[in-house]
Amino acid sequence: MRVPLSWLKDYVDIPIPIPQLAERLTLAGLEVETVTYIGLPGAELPWEPDKIVVGELRAVHPHPNADRLVLAEVEYGGPAPEVVVTGAPGLLALRGQTDLHIKVAFALEGAHLYDGHAPGFQVTKLKATKIRGVPSRAMVCSEKELGLSDQHEDIIYLPDDAPVGVPLADYLGDAVLAFDIKGPFAHLYSVFGIAREVAALLDLPLKHDPRRVVERHPVSITPEPDFIVLEIADPDLCPRYSAAFIGGVRVGPSPFWMQMRLRLAGMRPISNIVDITNYVMLELGQPLHAFDYGRLRPRPGERRPAIIVRRSRPNEQMTTLDGTLRTFDGEMLLITDGGGPVAVAGVMGGLESEITDATTDILLESANFHFLSIRRTSRLLGLTSEAAQRFGRQVDPELTVPAALRAALLMAELAGGTIAPAIGDVYPGRQPLRTVELNPADVDRILGVEIPPEDIARILTALEFTVQPTTSPDTNLPMYRITVPSHRPDVTRPVDLVEEIGRVWGYDRFPPTLLRDELPPQRPNVRLECAERVRDLLVGCGLDEVITYSLVDLADEGKLYPQGPAPDPARYLRLRNPLSADRAYLRQTLLPSLLRTLRENLRFQERVAIFEIGAVYLPVEGQPLPDEPLRLGVAMTGPREPRSWLPDRQTTPLGFYDLKGVVEALLSGLGLSGAFERGQHPAFHPGRCAEVRVNGHVLGIIGELHPLVREAFDLPEGPVAALEFDLEVLIDLWGAPRRMTPISLHPPVYEDLAVVVDEETPAVRVRDLIAQTGAPLLRSVVLFDVYRGEQVGPGRKSLAYRLTYQADDRTLTDAEVARVREKIVRRLERELGATLRGAG
Amino acid sequence: MLEQLAQLEAEALQALEKAQTQEDLDRWYHTYLGRKGALTAILRSLGSLPLEERPAVGARANEVKRRLEAACQARTEAVRQAQLAQELEAGALDVTLPGRPLGPGHLHITTRTLRQIYAIFAEMGFQVYEARDVETDEMNFGLLNMPPHHPAREMWDTFWITDDVLLRTHTSPGQIRVMRERYPEPIRVILPGKCYRYEQITARSEHQFFQVEGLAVGRAITMTDLIGTLTAFARRFYGAERRIRIRGSYFPFTEPSIEADIDCILCGGKGCRVCKYSGWLEIAGAGMVHPVVLANGGYDPDQWSGFAFGLGVERPAMLKYSIDDIRLFYSNDLRFLHQF
Ligand SMILES: [Zn+2]
């Protein structure tokens, strides 16, 4: 919505600077996005007040040396008229005429203007010159030269009352406020609607009310005018249809002032009739449509043409003004005549009944349509228009007659027409005005500031609400009975009035306060705290956090199953309207995105270790919404240590045990411990994959990627360690109360134990046996060497442990330790067939 | 014998001069003063001397022993000093060489931003409440005062899964969930989470982004409380010197609705490209919870009032760190993430 300030000033005086006005409007919820100045300081092309003025063309003399040029004699307030050479077609037509009084925009030597002939807008300085032997040092300007439009065919013809010699900037300079109106409020989509807001905000009266045109020009209003048959077949979608008849018009261009306002408001001038419909729509907010009356057909057997407002019949067709053949469904509302559709109601007219240069009689439609119907039609046809935009925001049904009359009067004035003495008006959807009871205490209760009652009354009255003081029947306290004006269908509750009061009174006057309400019960948030703890622990382990998309390519999840089968799309949540095929499914695993991220980053660095905590989306049979459990995913690859100059840098690649170390650190940091068992997962190397359990609950899978998966994700040779855990398991287990173990004051006894077992015996079994058997004196078992080779023989391995014995209440004797050790050794021999290394 | 002692002393002192290490010294001590050393041998042989010679030779021998021990001590100290000096000299490092790399990893910039937001609101009694990403139409729109066909639904371009199920376009459906869970307690929560909009991915817009919703419901919650809360947040997050501007706005689930701006942190309010030459940056959409929404949450709007606000997460981070492309947040380029 673009509003020229000059137009706004028709209705309300503006005693404050423009930037201040824009700020005031913005604060009140009418956001002024930009202010564009025309000719004034701040404009792209300011019109120099001493060099660009209103001139009066007094005579047009022939050019002595050229047929296509004339000499224009222009009065401009200087000591003598100036004679300039011009080829403007409008002036060529006046060649030889004197005693003219045509007002023009006149630029004097040295003025900065846009070059009318150059492409685009290039500023040039007007210089004295000689054209075919005649000196010329001033110019009558075109719209393009002044930056008003790209029109350079002819010069500007100003209204006859333009004051000669006055700087053009004072007469024609303007500022256009571009609004970003939020919310479905048609009442703000008009110059008058904005003026009403400005008047309320600045506490100023409106200078005049264009809706009262009916009082000044009384007309009869009848459902059965003699020029048309009006019928609303579907009143649920069309509460009101009004129509005026203007006969004997001459279609031509509209006057400069109207074209100028339309342009500033962002519309293109077309012809006087169409321009008037647009002008009145911009002014009042009521969309109008002009039909070529001569093209409207009567129904069979009737004399007068007919307008029938009805739903489309299925697959009915019509070509709209933009030349497109449209097909309608049975819910779309059409304007039809005796022969068929002539307009898509409230959206766009039909090509057949369009105004042409040959049109002489006009049927002017001024109607009201149901906003949802208009939005639906507009959306389904992919067709939007200034009219549809307004109708889609609930236009005031009381506007139809004033707008029709206002436009008809303009057509009579500017296109030489005669208005039929009656206006047709069918109004089946008339609604009584709504009233809302407003308790002033609620204003304070919601806003937190006490707004004086006189301000409440003033603000609401300025916005055309009727304020009637009453008392509450329950409490006997003062209340207001507010009558809501017809242009505010959005106001249905007291709180809607509170908003009007708050925004007009000014939020900038509200003092910030601290919440003084009771503090709600505070709760622990284990889920969040656990997730954040996991993040901190993993970052501490040197991993980087990433956040990837929830929407994925199903093919990517399929890459985790190199030997098939591919994931079944039916088991996934899928978007009906994806942006692209690779963002169509909701993920069920974090791994593919992590592996993609790994690959992307390997282009820039050799070592990447990343993790993500995020939800996956698992459909639940029989329920509309999926489970959204949190998962933890990790992927790492590259040399164990970052590249450095130190000679003892570990360059062996990150692998299973590195990731396992991370998991152990993570679990330990959470006060948990995990059990690792050989696991199976198609994405992992079958010999390098473990299932991790905590307290018997499966946490997830960890391993090195299967070489085929590595290939599928285009990852380079070398191990890639990865895991995916169910974070919900950790969240459930985490946070159980822990008790400290007292630290013994008695010295520990250290001892090394090396045992040889079969290759297949998992190390964890050896460890667990030692720990179980040695308890309670055996306090720790640390594996410090694994050896395979000649000394232990084929198929066997040696595991060496450092054992720590300690008692809480005494210093252990060698004999006590020897007894425990003996027990351990015998049990290892018996249950695992172990032999002591070095003991034969 | 005395001559022998003098010779021994001279020889021992000479040998001592050559000792360069503790080992040398130990060997020297062993040779001269040890149990099997030369001086000990002389002392042991005193018995074989004539009685009258013994005192003089004995005295002389003890004197030699004392002098040798003193000399040894002095030499030991000298050797220690020399060794220390050598060690200090030889142990000097080029301190300009890089340290052993072992850095911890980095939290995602979004996590860091969220944590800042959590911390600020925790001080005001707001706790985190997390809600789901996949929502029903009813939660995302209907119960938020946007029944089917409500024009305001067009404010959000939605990803649909079925006719009734969608990816939440904002964190606001969490308002209904938390109200229904907590009624009749007063509420003060922030609701962080991923939101999704059907928007082409460009430097300015992403189809997935984070939002933090705030909700306070109580018996005396007012617009001025909302303004105070947003002001406190803005000053804590963007700097104590920030100016706040509150202006009217429209959201279907709040009434009255407002938006909060801060003076542009890049140009200080003079106007620049980032603030579109307005001098202001929008930081939150907010308002008093609409009576319909309160009622849908179970709270009688005549007895209760509440405010709600919605904050971006990526955008504030972009402003704070001069990030000009939102796609960086999901590209997970470590060269970007390592900067935070
Ligand atoms: Zn700025």
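Descriptive notes on the structure:
- The label point for A:Arg640 and the one for B:Gln200, both projected 7 Å from the Cα toward the Cβ, are 5.1 nm apart.
- At an R0 of 56 angstrom, the distance between the Cβ atoms of B:Glu241 and A:Thr222 translates into a FRET efficiency of 0.25.
- Rounded to the nearest 20 debye, dipole of chain A from Cβ charges on Lys, Arg, Asp, Glu: 1720
- Amide H partners (placed H, <5 Å) of A:Ser780, local residues excluded: A:Thr804
- Multiplying the residue separation of B:Thr96 and B:Glu154 by 0.36 nm and subtracting their alpha-carbon distance yields 14.8 nm.
- Expressed as a whole percent, the accessible surface of the protein assembly as shown that belongs to carbon and sulfur atoms is 51, based on a 1.4 Å probe.
- Magnitude of the charge dipole for the range A:27-129, about its Cα centre and with charges confined to Cβ atoms of Lys, Arg (+1) and Asp, Glu (-1), is about 340 debye.
- Among the residues of the range B:236-256, those with an accessible-area drop of 50 Å² or more from chain alone to full protein complex, heavy atoms and 1.4 Å probe, are B:Arg245, B:Arg247, B:Gly248, B:Tyr250, B:Glu255, B:Pro256.
- In Hz, Karplus ³J(HN,Hα) per residue of the range A:305-311 (6.51, -1.76, 1.60; θ = phi - 60°; x = Gly, Pro): x, 10, 10, 10, 9, 8, 5
- In the full protein context, the range A:512-646 carries 43 Å² of accessible surface per residue, based on a 1.4 Å probe and ignoring ligands, DNA and RNA.
- Our note on the geometry: Cα centres of the range A:375-406 and the range A:264-280, 16 Å apart.
- Between A:Asp714 and A:Ile18, the C-beta separation translates, for a Förster distance of 51 Å, into a calculated FRET efficiency of about 0.30.
- Buried solvent-accessible surface, both chains (B, A), 1.4 Å probe, Å² to nearest 100: 7800
- Cross-link reach list, lysines versus B:Lys320, counting only Cα pairs under 22 Å and skipping chain neighbours closer than eight places: B:Lys194, B:Lys270, B:Lys276
- Excluding same-chain neighbours fewer than eight residues apart, the lysines reachable from A:Lys51 by a Cα-Cα span under 21 Å are A:Lys103, A:Lys125, A:Lys127, A:Lys130, A:Lys144.
- Amide hydrogen proximity for A:Val720: with H placed 1.01 Å from N in the peptide plane, the residues at 5 or more positions away or on another chain lying under 5 Å are A:Leu705.
- Here each label is just a point 7 Å from Cα along the line to Cβ, and for B:Ala74 and A:Arg819 those points are 6.3 nm apart.
- Euclidean distance between Cα centres, the range A:517-595 to the range B:132-179, Å: 21
- Placing unit charges on each Cβ (+1 for Lys and Arg, -1 for Asp and Glu) gives chain A a dipole about its Cα centre, and among A:Gly687, A:Pro592, A:Val280 the Cα reaching farthest toward its positive end belongs to A:Gly687.
- On the beta carbon distance between A:Arg509 and A:Asp732, with R0 = 51 Å, the FRET formula returns roughly 0.50.
- Lys/Arg +1, Asp/Glu -1 at C-beta; the range B:218-339 dipole; positive extreme among B:Ile246, B:Gly297, B:Leu266: B:Leu266
- Using the 1.4 Å probe convention, the accessible area of the range A:63-121 works out to 47 Å² per residue with neighbouring protein chains retained.
- Other-chain or far-sequence residues with amide H under 5 Å of A:Lys103's (modelled H): A:Leu57, A:Leu158
- The modelled label-to-label distance for the pair A:Ala441/B:Ala56, using points 7 Å beyond Cα in the direction of Cβ, is 12.8 nm.
- Taking every full run of DSSP H in chain A, the ones that stretch at least 20 Å from end to end by Cα along their long axis and average 0.5 or higher on the Kyte-Doolittle scale are A:400-415.
- Scanning the protein assembly as shown for cysteines with no neighbouring cysteine C-beta under 4.7 angstrom from their C-beta gives A:Cys141, A:Cys238, A:Cys530, A:Cys541, A:Cys689, B:Cys72, B:Cys195.
- Near-label residues of the range B:296-334 by backbone N, under 12 Å of a point 7 Å along Cα→Cβ of B:Val274: B:315-325
- Cross-link partners for B:Lys65 among the lysines, with Cα-Cα distance under 20 Å and sequence neighbours closer than 8 places in the same chain left out: B:Lys18, B:Lys36.
- Max-minus-min Cα coordinates of chain A on each principal axis give 134, 83, 61 Å, with the largest extent listed first.
- If the segment from A:Val214 to A:Gln680 were pulled out straight at 0.36 nm per residue, it would be longer than the present Cα-Cα gap by 159.2 nm.
- Alpha carbon centroid spacing (whole Å) that separates the range A:657-697 from the range A:23-66: 76
- Derived scalar couplings ³J(HN,Hα) [the range A:354-369; Karplus, 6.51 cos²θ - 1.76 cosθ + 1.60; whole Hz; x for Gly, Pro]: 5, 6, 10, 4, 8, 5, 10, 10, 10, 9, 9, 8, 9, 10, 10, 10
- Leading residue at positive end of dipole, the range B:103-196 (Cβ point charges), from B:Ala152, B:Gln127, B:Pro184: B:Gln127
- The mean number of partner chain beta-carbon atoms within 10 angstrom of a residue's beta-carbon across peptide A:27-33 is 4.
- The charge dipole of the range A:439-517, taken about its Cα centre with unit charges on the Cβ of Lys, Arg, Asp and Glu (plus for the first two, minus for the last two), comes to roughly 40 debye.
- Per-residue ³J(HN,Hα) for the range B:123-129, Karplus 6.51 cos²θ - 1.76 cosθ + 1.60, θ = phi - 60°, Hz, x for Gly and Pro: 4, 9, x, 8, 9, 7, 10
The values are calculated or read from the model by the stated rules, or taken from the named source; none is laboratory data. All figures in this text were calculated on a predicted structure; none of them were measured in a lab. Reconstructed Cβ throughout: ideal geometry from the backbone, glycine too, with neighbour counts over all protein chains shown. Surface areas here come from the heavy atoms of the whole protein model, side chains and all, with no ligands, DNA or RNA. Shrake-Rupley method; radii C 1.70, N 1.55, O 1.52, S 1.80 Å.
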